[in-house]
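Derivation of every value follows stated rules applied to the coordinates shown; laboratory data play no part. Bear in mind the structure is a predicted one, so any value in this text is a computation, not a measurement. Note: ideal-geometry Cβ built from the backbone for every residue, glycine included; neighbour counts use all protein chains shown.
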Ligand SMILES: [Zn+2]
């Protein structure tokens, strides 16, 4: 499998889950660990010389109870802490989207993991059942209520994003809050009790009135803004009139030639290159337009 061209899906750590219950092992790993420090906005705080990781000894000689164990790359351990664990204030911060463009894939992926986990921890301080304080345990991977004992785990919110096409035309939409001229694929969160394939059909119908006939999974992307998992799909639908919805400012079908021309002229802006939506649109642009062949040989 070739590496996908979008962020947060490449490399990544060996999460070494069994170590989360081994405090002595974690203490030993801490001594030489790379530590990600995140501020209250969940931005990466860079070490003095602009390095992405703090040496663990500059955070604390002893492993803080609050340190989250992210995993290993070879023998190198990675932990994440919040900024309040660090004695001196960092000078430079970097947000996750910028990091994904500037940093090597492993670093961007590790940062995405830390960002999603620490966001969950920050929103898990109180039990969702009885309201008592919860303690973060298992090296950052669960929250245990001090009142009723309820254990909760990090959450990921699945969402679908879909390349809706008849083979020769692509359905794009835009939201009113997006930058001017930005268009992208339709997308939506999976609801409880729903399969992602059902979400694709429902969301496309809700947002554009278009009836999807076939759905096929393509690829996924963790999207830690803050805790989503984007599931990318191809969806087949004949070109049909678009019915405007409240969710979208506009939606329309574009042929390949039209999309090429509008992108080239600057009339239409595609999503960021780090996103799976960009990847899916480019993949569609480069594909042979013969849909019947595409759907019947691969579907
Ligand atoms: Zn409780």
So for region 157-291, using the alpha carbon gyration tensor with a ≥ b ≥ c as root eigenvalues (a/c under 1.5 gives rounded; past that, a/b versus b/c decides prolate or oblate), I'd call it rounded
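Among DSSP beta bridges lying fully in region 173-299, give the percent that are antiparallel, nearest 5. Walk me through the intermediate numbers first.
Numbers: 12 of 13 bridges.
About 90 percent, rounded to the nearest 5.
Taking the Kirkwood radius as the inverse of the mean 1/r across Cα pairs, report the Rg/Rh of region 1-120.
Value, to two decimals: 0.95.
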Full-stretch length increase - residue 194, residue 60 - with 0.36 nm per residue and alpha-carbon distance subtracted: 43.7 nm
For a paramagnetic label modelled at 7 Å from the Cα of residue 11 toward its Cβ, which residues of region 253-290 fall within the zone defined by backbone nitrogen distances under 20 Å? 273-276
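Which shape class, rounded, prolate or oblate, goes with region 49-150 when its Cα gyration tensor gives a ≥ b ≥ c as root eigenvalues, a/c under 1.5 marks rounded, and past that a/b bigger than b/c marks prolate? Each step should come with its number before you reach the end.
Details: a/c = 1.97, a/b = 1.74, b/c = 1.14.
It is prolate, given that a/c is not under 1.5 and a/b is the larger ratio.
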Using a/c under 1.5 as the rounded threshold, could you call region 120-192 rounded, prolate or oblate? The axes a ≥ b ≥ c are square roots of the C-alpha gyration tensor eigenvalues, and prolate needs a/b larger than b/c, oblate otherwise. prolate
Exposure proxy check on 234, 135: fewest-to-most Cβ neighbours within 10 Å is 135, 234
State the extension gain, in nm to one decimal, for the chain segment bounded by residue 255 and residue 267, taking 0.36 nm per residue of separation less the distance between their alpha-carbons. 2.8 nm
Bins of 10 Å, starting at 0 and running to the largest distance - Cα pair percent for the chain: 6, 24, 28, 21, 15, 6, 0
Rough spin-label spacing in nm, given labels placed 7 Å along Cα→Cβ, for residue 247 and residue 181: 2.7
Estimated 222 nm signal from helices in the chain, with DSSP H stretches of n ≥ 4 weighted -39500 (n - 2.57), rounded to 500: -7500 deg cm²/dmol
In the Gaussian network model of the chain, springs joining C-alpha atoms below 10 Å, which of 18, 157, 260 carries the largest mean-square fluctuation? 18
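If you build the convex hull over the alpha carbons only and average its shadow over all orientations, what do you get for region 30-87? Give it in nm² to one decimal.
Numbers: hull surface 15.3 nm².
So the mean shadow area of the Cα hull is 3.8 nm².
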